[in-house]
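Data first, discussion second: the structure below is written as structure tokens.
The values are calculated or read from the model by the stated rules, or taken from the named source; none is laboratory data. Remember, predicted model here, so these are calculated numbers, not experimental data. In this analysis, Cβ positions are derived from the backbone assuming ideal geometry, glycine residues included, and neighbour counts consider all displayed protein chains. Side chains are part of the model used for accessible areas, which takes the heavy atoms of the whole protein and leaves out ligands, DNA and RNA. Shrake-Rupley method; radii C 1.70, N 1.55, O 1.52, S 1.80 Å.
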Amino acid sequence: MNILVVGSGGREHAIVWKLAQSPKVKKIYCAPGNGGISDIAECLPINALDIEGMVNAAKEKKIDLVIVAPDDPLAKGMVNAMTDAGIRAFGPTKEAALIEASKAFSKELMRKYGIPTAEYGLFDDSREAFQYLKSHKYPLVVKADGLALGKGVLICQNQQEAEAAVISIMEEKKFGDSGNKIVIEEFITGPEVSILAFTDGKTIIPMVSSQDHKRALDGDKGLNTGGMGTFSPSRVYTPEIAELCMQKIFLPTIQAMNNEGRPFKGVLYFGLMLTESGPVLLEYNARFGDPETQVILPRLKTDLLEIFEAVIDEELEKVQLAWNDNACVCVVMASGGYPERYSKGHVIEGLDTISDAIVFHAGTKKENGCYYTNGGRVLGVTAMAETIEKARERAYHAVSCIHFQDAHFRRDIGIKSFDQP
Ligand code: AMP
Ligand code: GLY
């Protein structure tokens, strides 16, 4: 089969890497891809948001299956457009992707269907939001309704900070139209776990658990980022908690989306917080997580292509997922300055010296046989071993062999897994 993967990050590299192991795959294209992806797939210079361009390329290259990985083309309806053009595509429709694209929609869904989530208020008028801020306990969390590259969430310690957050999101439009509405939410605490699940709208099969490190600096300090590293499995996500989540969160969500006339097919990502009073759902994503995918797919033994096809054909109940017992750790090497200003175009050295880790490329490009930095998150250096401790050692050893100017990475990825109470 000819496959086209849409996107250009570490997640897409992991998907392409895994699909390349499938005996049914003849050729993989990726658009736009990156330096590392270009070693195993043909990259097409099409913007991930260019729906018409992507449909045309899929027709021209006789693509049998398109995988739309990032949130924004999903929210804009790339899967709908492919399907309308008679091309098989993996991922939710734009109607179903609203579960990620609008926090107002997802919070109302959780409330309506009794899915445990943080208490909140929803506002499209800043004056009403200011009123709410007067009468609630702090900290409070202010969130832009729409997509904002994982940066539209502001934790506010007092009323003054919260008012400034409302002004910057709703009035100054820091995140553009994503801030036309806001959610103001109670602040909750506990370890955060990411559960990604395949679903065809009838059956839902969770993948192995993982934990992300969203803040830029060690000890969960600094600004929120797209994710600075992950590990799998999560020790705190016990089989008992998994069963509770299945009954109270996962199955009710699938049912809710069906009831709302928005059946969800694809990967549904549950951002959970394990609070003292039980698991609480912080957010949904309508896609594979990044960098969660980089620690999940290396553990998957089942053919990923078979799973994608079963989801599209609504035959997921026939699939059994098999996983290896290894632990996996991914350390993101980012450009100095990320998630704020950073420079690009620096040569990356040492990649050819890595033997017992997998280096998933994110913001890289390849020119004349050399790799250069080309984005905020540059590489996801991933290693497996029997334990998180050993996988960590391997990943960090590989990181120490890779060099580019102003490289920044956290030194504590995975430590949570043995430090958490
Ligand atoms: P989200 O985009 O909703 O996942 O939020 C990004 C990050 O902000 C989460 O991973 C949490 O670390 C934090 N966060 C979001 N909502 C809350 C909340 N209600 N209480 C505490 N932390 C939160
Ligand atoms: N790692 C968080 C996300 O993919 O949204």
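In the set Leu268, Leu251, Leu244, only one residue is at negative phi and within 16 Å of ligand 2 (Cβ to nearest atom); that residue is Leu268. Against the condition among the charged types (D, E, K, R), part of a loop (DSSP other than H, G, I, E, B) and open to solvent by 20 Å² or more (accessible area, probe 1.4 Å), how does Lys344 come out, does it pass? Yes: the conditions hold for Lys344. Residue count for segment 271-284 under the criterion of being away from ligand 2 (no atom under 14 Å from the Cβ), within 14 Å of Tyr237 (Cα to Cα) and among the small types (Gly, Ala, Ser): the result is 1.
Here is a yes/no grid of residues against (1) away from ligand 2 (no atom under 16 Å from the Cβ); (2) within 25 Å of Pro339 (Cβ to Cβ); (3) open to solvent by 20 Å² or more (accessible area, probe 1.4 Å):
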site	(1), (2), (3)
Glu119	yes, no, yes
Arg127	yes, no, yes
Tyr132	yes, no, yes
His136	yes, no, yes
Pro139	yes, yes, yes
Gly146	no, yes, no
Val153	no, yes, yes
Ala162	yes, yes, no
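Of all the criteria given as (1) modelled with pLDDT of 95 or more; (2) touching a Lys or Arg at 6+ places or on another chain (Cβ under 9 Å), the one not satisfied by Gly350 is (2). Taken as a whole, segment 18-35 holds at least one residue that is in contact with a His (Cβ under 6 Å, 6 or more places away or on another chain) and more than 20 Å from Asn285 (Cβ to Cβ). Does Ser209 satisfy being within 14 Å of ligand 1 (Cβ to nearest atom), in contact with a strand residue (DSSP E or B) (Cβ under 9 Å, 6 or more places away or on another chain) and under 30 Å from Lys318 (Cα atoms)? Answer is no for this residue.
Contact map, segment 94-108: residues that are modelled with pLDDT of 95 or more paired with residues that are surrounded by fewer than 23 Cβ atoms within 10 Å (Cβ to Cβ) and among the aromatic types (Phe, Trp, Tyr), Cβ distance under 6 Å, separation 6+ or inter-chain. Pairs shown: Leu98/Phe105; Lys107/Tyr120. Residues in segment 102-111 that are open to solvent by 60 Å² or more (accessible area, probe 1.4 Å) and not basic (Lys, Arg): Glu108 alone. Residues in segment 217-234 that are in a strand (DSSP E or B), surrounded by fewer than 21 Cβ atoms within 10 Å (Cβ to Cβ) and away from ligand 2 (no atom under 12 Å from the Cβ): Leu217, Lys221, Gly222, Leu223. Residue pairs whose Cβ atoms lie under 7 Å apart, separated by 6 or more positions or on different chains, with the first residue in segment 213-229 and free of Cβ contacts under 8 Å to residues at least 12 places away in the same chain and closer than 16 Å to Gly271 by Cβ and the second in a helix (DSSP H, G or I) and among the acidic types (Asp, Glu), do not occur. Tell me, which residue of segment 183-197 that is more than 16 Å from ligand 2 (Cβ to nearest atom) and either free of Cβ contacts under 8 Å to residues at least 24 places away in the same chain or open to solvent by less than 10 Å² (accessible area, probe 1.4 Å) (or both) is nearest to Thr93 (Cα to Cα)? Among those that are more than 16 Å from ligand 2 (Cβ to nearest atom) and either free of Cβ contacts under 8 Å to residues at least 24 places away in the same chain or open to solvent by less than 10 Å² (accessible area, probe 1.4 Å) (or both), it is Val183.
Would you be able to say whether some residue in segment 141-153 is within 11 Å of ligand 1 (Cβ to nearest atom), of a type in the set (Lys, Arg) and under 28 Å from Gly266 (Cα atoms)? For segment 141-153, residues within 11 Å of ligand 1 (Cβ to nearest atom), of a type in the set (Lys, Arg) and under 28 Å from Gly266 (Cα atoms): present. Identify, from the list Gly91, Gly114, Gly77, the residue that is open to solvent by 30 Å² or more (accessible area, probe 1.4 Å) and of a type in the set (Gly, Ala, Ser). Exactly one residue qualifies, and that residue is Gly114.
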